Amino acid sequence: MKKSIFAGLMAILLLGFIASCAAPVPGDITAPAVNSTVPANAAVNVAIDGNLTAIFSEAMKTETISTTTFTLEGPGTTVVSGVVSLSEDGLTAIFNPAANLVGNTGFTATITTGAQDLAGNALESNYAWTFTTAAIPDTTAPVVSSTVPANLAVAVALNGNLTASFNEAMKSSTISDTTFTLAGPGTTVVPGVVSLSVDGLIATFNPAADLAASTLFTATITTGAQDLAGNALASSHAWTFTTGAVPDTTAATVLSTVPAANATDVAIASYITATFSEAMTTGTISGTSFFLAGPGSTAVAGAVSYTGTTATLNPNVDLAYNTLYTATLTTAVTDLAGNPLAANKIWTFTTGVAPDTTAPTVISTVPAASATDIAIANDVTATFSEAMTTGTISGTSFILAGPGTTAVAGSVSYTGTTATFNPAANLAYSTLYTATLTTAVTDMAGNPLAAAKVWTFTTAAEVVTPPLIAAVELGTAGDYVILAKAGITTTGTTAIIGNIAVSPIGSAAMTGFGFVADASATFSTSSLITGRAYAADYTEPTPTNLTTAIAAMETAYTDAAGRTLPNYTELAAGDISGLTLAPGLYTWSSAVLINTNVTLSGNATDVWIFQIAGDLTMAASTSVVLSGGALPKNIFWQVAGDTGVTIGASSSFNGVVLARTAISLLSGATVNGRLLSQTAVTLIGNAVTQPSP
């Protein structure tokens with residue numbers, strides 16, 4: 001009976017012990033935090049075949065770490081399937097994608113507030129980070145970027161650890177005492193414990209006992225060491241060092257901090273860093289030995305990492321504005337020889353004042369909203385209430401449309417506080433246009449417009465202004481693109497659009513065309529002409545029609561030569577090279593030269609008449625350029641010189657030529673107009689096109 005009672009009591013005590021082991025840590029009310037991740041936030045060129053890991057500030061409850069609390073999305077919001085696990089110590093969550101990730105793509109990983117520590121405390125807020133995969137799978141071998149001690153170092157501490165830093169995160173299962181070894185003196189193996197930092201970048205060899213003094217040692221990382229993608233070192237990495245005569249007993253110091261002690265106006269998104277006087281033991285630098293508080297000693301959650309000789313604390317969220325913070329490194333931090341800091345390192349800093357959060361506004365526009373009778377050549381401008389971010393003002397955020405939703409092509413610029421939309425061409429007359437500034441436009445603090453700014457205006461009706469002078473009437477001479485009294489000849493590949501004719505001379509004076517007579521005998525055709533050829537010796541009514549056309553040509557010449565009251569006399573002494581000429585009547589008592597491009601600027605109803613007493617000579621590879629809507633049919637070159645008109649090789653000519661003598665086109669020259677000569681016209685592989693009506 002006593003034995004039964006004793007057994008019952010033991011069972012009760014055993015059940016109580018088991019329950020106490022499973023119970024939450026008494027008094028723990030601190031929320032866990034994510035200290036670091038692999039890949040790191042904003043990392044690029046991430047291997048597509050690697051795993052993701054998140055390192056917590058304390059052990060987590062296994063059942064709360066799953067595919068519902070640890071998720072991966074990308075591109076967009078596409079959910080990536082995978083398997084989630086938690087390390088035995090509860091500190092590392094691992095997401096293993098079911099398949100390789102898509103290359104050259106942005107992904108977002110998230111640990112939700114469903115993740116809890118052993119006391120049942122959840123993350124304060126969802127923890128999310130982003131990264132971008134490499135364009136191709138990671139096939140690059142990792143390398144050892146640095147070691148402590150360095151190669152050939154001397155006077156190395158007897159009681160220190162060895163570290164090797166890699167250029168990328170390594171697979172923890174491949175970093176062990178079989179891949180990271182130490183030997184000395186000679187080939188004598190030194191026993192020790194090998195570990196890998198939580199970020200996978202630093203391997204540490206901790207000798208089981210102090211090293212021998214004044215001895216040469218050789219450390220080796222073998223090709224068994226692999227990165228997360230399974231790529232091994234290209235070759236073993238070995239380095240040597242010589243120990244000193246006595247152990248290292250000197251405490252490390254903090255050389256510098258960022259922010260510096262007592263710094264002000266610190267950015268709220270800042271990292272907190274401390275740089276030591278020597279290499280430190282990575283495992284001693286964590287959220288319990290490096291922390292930030294304020295105000296009122298309130299702990300700031302964040303991720304702690306260590307690289308080189310610098311420890312970094314990255315707050316999970318932005319700090320508060322205009323607030324005093326205190327950073328602390330405790331004496332739990334030790335160097336590789338196990339020497340702690342001589343005392344806690346404590347420093348303070350103050351963040352900057354709150355930024356501008358006021359949305360900008362558009363205070364004025366040109367044209368104003370609902371304005372009418374707006375000139376068709378106007379720019380559209382908007383002036384803001386403050387300076388804006390130039391890069392946000394572009395053709396996608398400042399838009400002009402009309403009529404209706406038809407987009408208007410143009411360029412957008414920003415100067416001072418004014419954005420300008422410059423249409424690529426004049427707007428249409430009598431048309432309603434809509435200008436829009438979208439909320440993509442932001443001020444210098446990143447604040448967008450509160451709402452898109454949209455306004456309309458209407459352009460003016462077209463006003464037709466009569467020309468300064470009347471056009472020269474060509475009569476039936478205008479039925480021909482080339483008309484001559486003494487002949488038309490061509491060599492080379494000529495292309496003529498329009499009719500050609502000679503009179504009173506006969507068809508034999510037209511050479512080089514390979515004419516084919518029509519059955520009616522009133523005209524001929526040629527593969528070089530899109531039109532017909534006429535001559536005075538063809539069957540009626542052709543001779544009679546040509547007599548009338550020649551008379552009309554001579555009348556037009558006399559009209560052009562007889563115009564009085566010129567707008568311009570002896571302009572540029574006859575050398576109009578490079579000039580821009582307005583509509584009107586021009587007269588010269590000498591020859592006229594065009595050695596560089598000349599521009600005729602006016603609208604579709606404007607008229608130019610050039611009275612030239614001498615010859616007209618145009619240099620090779622030059623142009624008569626028309627702008628503003630000017631038309632070749634309204635441009636008249638009356639040339640009285642004995643040599644006549646010469647249009648240089650590969651030049652481009654516009655207008656109607658009324659020549660008293662010859663017209664000669666050199667090789668490759670083109671004409672948009674008419675060639676009306678009272679003697680002969682000579683062509684050499686030219687394109688001559690009659691003007692549009």
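A count restricted to segment 595-604 and to residues that are without any contact (Cβ under 8 Å) to a residue 40 or more places away in the chain and part of a strand (DSSP E or B) stands at 3.
Within segment 634-655, if we keep just the residues that are out of contact with any helix residue (DSSP H, G or I) (no Cβ under 7 Å at 6 or more places or on another chain) and assigned to a strand (DSSP E or B), the residue that is farthest from MET510 (Cα to Cα) turns out to be ILE635.
Restricting the first member to segment 681-693 and to residues that are outside any strand (DSSP E or B), and the second to residues that are open to solvent by 40 Å² or more (accessible area, probe 1.4 Å) and at pLDDT below 95, the beta-carbon pairs closer than 8 Å and six or more apart or on different chains are GLY685/GLY492; GLY685/THR493; ASN686/GLY492.
Considering only segment 439-525, give the strands (runs of 3 or more DSSP E) lying wholly within it that have at least 2 residues that are of a type in the set (Phe, Trp, Tyr). Reasoning before the result, please.
Numbers: elements: 453-459, 482-484, 487-491, 495-497, 500-502.
The strands (runs of 3 or more DSSP E) meeting that bar are 453-459.
Selection of segment 200-223 for residues being of a type outside the set (Phe, Trp, Tyr) and either within 22 Å of ALA234 (Cβ to Cβ) or touching an Asp or Glu at 6+ places or on another chain (Cβ under 6 Å) (or both) yields GLY200, LEU201, ILE202, ALA203, THR218, ALA219, THR220, ILE221, THR222, THR223.
Here is the figure for segment 58-72: residues that are surrounded by fewer than 22 Cβ atoms within 10 Å (Cβ to Cβ) and part of a loop (DSSP other than H, G, I, E, B) total 7.
Take the residues of segment 248-260 that are assigned to a loop (DSSP other than H, G, I, E, B) and open to solvent by less than 30 Å² (accessible area, probe 1.4 Å): which is nearest to SER277 (Cα to Cα)?
Kept after step one, since they are assigned to a loop (DSSP other than H, G, I, E, B), are these residues of segment 248-260: 248-253, 259-260.
From what is left, the residues that are open to solvent by less than 30 Å² (accessible area, probe 1.4 Å) are 252, 259.
Values: ALA252: 6, PRO259: 18 Å.
Applying the filter and picking the extreme gives ALA252.
Note on segment 161-190: residues that are within 23 Å of ASP49 (Cβ to Cβ) and not small (Gly, Ala, Ser) amount to 8.
Between LYS485, LYS453, the distinction of being open to solvent by less than 60 Å² (accessible area, probe 1.4 Å), in contact (Cβ under 8 Å) with a residue 40 or more places away in the chain and among the basic types (Lys, Arg) belongs to LYS485 only.
Kindly establish whether ASP49 is without any contact (Cβ under 8 Å) to a residue 40 or more places away in the chain, among the acidic types (Asp, Glu), farther than 12 Å from VAL34 by Cβ and open to solvent by 50 Å² or more (accessible area, probe 1.4 Å). No, not satisfied. Suppose we keep only residues that are farther than 30 Å from MET280 by Cα and aromatic (Phe, Trp, Tyr) within segment 342-398. Which one would you say is surrounded by the fewest Cβ atoms within 10 Å (Cβ to Cβ)? Taking the candidates together, the pick is PHE384.
Set side by side, the residues ALA419, ALA435 differ, and just one is farther than 19 Å from ALA375 by Cβ, part of a strand (DSSP E or B) and touching a Phe, Trp or Tyr at 6+ places or on another chain (Cβ under 7 Å), which is ALA419. Answer yes or no as to whether THR661 is of a type in the set (S, T, N, Q), without any contact (Cβ under 8 Å) to a residue 40 or more places away in the chain and either within 23 Å of THR476 (Cα to Cα) or surrounded by 24 or more Cβ atoms within 10 Å (Cβ to Cβ) (or both). Yes: the conditions hold for THR661.
Here ALA269 does not qualify as modelled with pLDDT of 90 or more and either part of a loop (DSSP other than H, G, I, E, B) or not basic (Lys, Arg) (or both). Among the residues of segment 73-97, those that are outside any strand (DSSP E or B) and buried (at least 16 other Cβ atoms within 10 Å of the Cβ) comprise GLY74, VAL80, SER87, GLY90, LEU91. THR493 meets each of the listed conditions (1) at pLDDT 95 or above; (2) within 22 Å of PHE653 (Cβ to Cβ) apart from (1).
In segment 279-311, how many are part of a strand (DSSP E or B), closer than 18 Å to VAL198 by Cα, among the hydrophobic types (A, V, I, L, M, F, W, C) and in contact (Cβ under 8 Å) with a residue 60 or more places away in the chain? The number of residues fulfilling the criteria is 2.
When the residues of segment 325-337 are filtered to those that are touching a Gly at 6+ places or on another chain (Cβ under 8 Å) and part of a loop (DSSP other than H, G, I, E, B), which remaining residue is surrounded by the fewest Cβ atoms within 10 Å (Cβ to Cβ)? Spell out how you get there, then give the answer.
Step one: of segment 325-337, the residues touching a Gly at 6+ places or on another chain (Cβ under 8 Å) are 325-326, 335-337.
Next, only the ones that are part of a loop (DSSP other than H, G, I, E, B) stay: 336-337.
Values: LEU336: 23, ALA337: 21.
For segment 325-337, the residue satisfying everything is ALA337.
Checked against (1) open to solvent by 40 Å² or more (accessible area, probe 1.4 Å); (2) of a type outside the set (Ser, Thr, Tyr); (3) out of contact with any strand residue (DSSP E or B) (no Cβ under 9 Å at 6 or more places or on another chain), LEU468 passes all but a single condition, namely (3). The selection criterion, being assigned to a strand (DSSP E or B) and free of Cβ contacts under 8 Å to residues at least 40 places away in the same chain, holds for SER364. Does TYR538 meet the test of being over 60 Å from the mean Cα position of the chain (by Cα) and modelled with pLDDT of 95 or more? Against the criterion (over 60 Å from the mean Cα position of the chain (by Cα) and modelled with pLDDT of 95 or more), TYR538 qualifies.
Of all the residues in segment 605-618, those that are open to solvent by 30 Å² or more (accessible area, probe 1.4 Å) and either of a type outside the set (S, T, N, Q) or in contact (Cβ under 8 Å) with a residue 60 or more places away in the chain (or both) number 3.
Does segment 316-329 hold any residues that are in contact with a Phe, Trp or Tyr (Cβ under 8 Å, 6 or more places away or on another chain), free of Cβ contacts under 8 Å to residues at least 60 places away in the same chain and not aromatic (Phe, Trp, Tyr), and which are they? Step through it out loud before you land on a result.
Within segment 316-329, the subset in contact with a Phe, Trp or Tyr (Cβ under 8 Å, 6 or more places away or on another chain) is 316, 319, 324-329.
Now restrict to residues that are free of Cβ contacts under 8 Å to residues at least 60 places away in the same chain: 319, 324-326, 328.
Matches in segment 316-329: LEU319, LEU324, THR326, THR328.
Per-residue answers, yes or no, for (1) part of a strand (DSSP E or B); (2) at pLDDT below 90:
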position	(1), (2)
TRP129	yes, yes
THR132	yes, yes
ILE136	no, yes
THR147	yes, no
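Give the residue, chosen from ASN314, ASN322, that is open to solvent by 40 Å² or more (accessible area, probe 1.4 Å), part of a loop (DSSP other than H, G, I, E, B), modelled with pLDDT of 90 or more and within 17 Å of ALA260 (Cα to Cα). So that I can check it myself, show each step before the final result.
Details: ASN314 fails: part of a loop (DSSP other than H, G, I, E, B).
Selected residue: ASN322, the only one of ASN314, ASN322 that is open to solvent by 40 Å² or more (accessible area, probe 1.4 Å), part of a loop (DSSP other than H, G, I, E, B), modelled with pLDDT of 90 or more and within 17 Å of ALA260 (Cα to Cα).
The values are calculated or read from the model by the stated rules, or taken from the named source; none is laboratory data. All values reported here derive from a predicted model rather than from experimental measurement. Cβ coordinates were reconstructed from backbone atoms using ideal geometry, including for glycine residues, and neighbour counts include every protein chain displayed. Remember, those area values only see protein heavy atoms, side chains included, never the ligands or the DNA or RNA. Shrake-Rupley method; radii C 1.70, N 1.55, O 1.52, S 1.80 Å.
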